[in-house]
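Quick notes on the structure that follows.
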């Protein structure tokens, strides 16, 4: 099992950041991101960003495959995170790989919008 | 000539009244999903888009309502125009109604995907209400939006989606 760097939860939501290798980070999101999760996400994403930078990660994977729903108020936190990454100088940037499920239909349009927003940062992998 | 009145049974309606509590939204989403699927609308992309639109309309309405009740009306017209209509109604201040109506006007006046990306860029720089929920409805769910604000202070927002004809 991969070492857990950080985890948090809310009713019907769980987020955990693990390291497959010291510089290979995976953020896994499970459940539904809405309501109270809006308060948690800035911490989840800033912790992920801090870990990525301190480990000099070249990529961070975000696993959405068990995230059944995300409201725009939570979506906005991802926009802020990606915005922060893409405005950094090249050596300080890392790639963000979004793993999506073809069976969870909202993910296609929402994650595509994120990939357009940060085209040089985001890659989508659908399973 | 077609009659102007619709035959009985051509529309299916559901109206939900939600008290000021964001925690009720998952239940409303499930109810709407069940309602449209039980009326023969089981295309997964359509249902998913509708559920997103219901959530975003209601979250906006509940968050900015000035009293304790927000209503959601869902109309499925099964026989004629093959579309679904979502309407939220809530009491709103003149300022918040003007902001929402301005966002809708902007979304309806431009190319949805382009305006959506502009709003994403703006939301990254500001903690203000971004309009991303409404942008999602138009750009991701491919629904059109309109709004009205009356003298009693009621803000209504209508989202319309065209549906494939039922076989």
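The values are calculated or read from the model by the stated rules, or taken from the named source; none is laboratory data. These figures come from a predicted structure and were not determined experimentally. Using ideal geometry, Cβ is built from the backbone for each residue, glycine included, and neighbour counts are taken over all protein chains shown.
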Given (1) in contact with a strand residue (DSSP E or B) (Cβ under 7 Å, 6 or more places away or on another chain); (2) at pLDDT 90 or above; (3) surrounded by fewer than 16 Cβ atoms within 10 Å (Cβ to Cβ), residue B:68 misses just (2)
Mind listing whichever residues of the stretch B:137-152 are facing chain A (nearest Cβ under 10 Å) and part of a loop (DSSP other than H, G, I, E, B)?
B:141, B:142
The one condition residue A:78 fails out of (1) surrounded by 21 or more Cβ atoms within 10 Å (Cβ to Cβ); (2) modelled with pLDDT of 95 or more; (3) over 14 Å from the mean Cα position of the chain (by Cα) is (3)
Keeping to the stretch A:1-32, report how many residues are surrounded by 17 or more Cβ atoms within 10 Å (Cβ to Cβ), within 15 Å of the chain's Cα centre (by Cα) and on the phi < 0 side of the Ramachandran plot.
13
Restricting the stretch A:96-118 to residues that are out of contact with any helix residue (DSSP H, G or I) (no Cβ under 9 Å at 6 or more places or on another chain) and not in a helix (DSSP H, G or I), the residue that is farthest from residue B:117 (Cα to Cα):
A:99
Quick check on residue A:75: is it assigned to a strand (DSSP E or B), in contact with a helix residue (DSSP H, G or I) (Cβ under 8 Å, 6 or more places away or on another chain) and either within 13 Å of chain B (Cβ to nearest Cβ) or over 19 Å from residue A:124 (Cβ atoms) (or both)?
no
Single unsatisfied condition, residue A:35 versus (1) surrounded by 20 or more Cβ atoms within 10 Å (Cβ to Cβ); (2) at negative phi
(2)
Could you figure out which of (1) in contact with a strand residue (DSSP E or B) (Cβ under 9 Å, 6 or more places away or on another chain); (2) surrounded by fewer than 22 Cβ atoms within 10 Å (Cβ to Cβ) isn't true of residue B:97?
(2)
Here is a list of conditions, (1) farther than 23 Å from residue B:99 by Cα; (2) touching a residue at least 12 places away in the same chain (Cβ under 8 Å); (3) touching a helix residue (DSSP H, G or I) at 6+ places or on another chain (Cβ under 9 Å); (4) part of a helix (DSSP H, G or I), and residue B:37 meets all of them except one; can you say which number that is?
(2)
Looking at the stretch B:20-35, which of its residues are within 19 Å of residue B:141 (Cα to Cα) and within 14 Å of chain A (Cβ to nearest Cβ)?
B:25, B:26, B:28, B:29, B:30, B:32, B:33
Test: residue B:103 is free of Cβ contacts under 8 Å to residues at least 40 places away in the same chain and under 15 Å from the mean Cα position of the chain (by Cα):
yes
Selection within the stretch B:21-48 - under 30 Å from residue B:95 (Cα atoms), surrounded by 15 or more Cβ atoms within 10 Å (Cβ to Cβ) and out of contact with any strand residue (DSSP E or B) (no Cβ under 7 Å at 6 or more places or on another chain):
B:22, B:25, B:29
Can you confirm whether the stretch B:114-136 contains a residue that is within 17 Å of the chain's Cα centre (by Cα), surrounded by fewer than 22 Cβ atoms within 10 Å (Cβ to Cβ), in a helix (DSSP H, G or I) and at pLDDT below 95?
no
Tell me, yes or no, whether the stretch A:82-100 has at least one residue that is at pLDDT 95 or above, within 18 Å of residue B:132 (Cα to Cα) and facing chain B (nearest Cβ under 10 Å).
yes
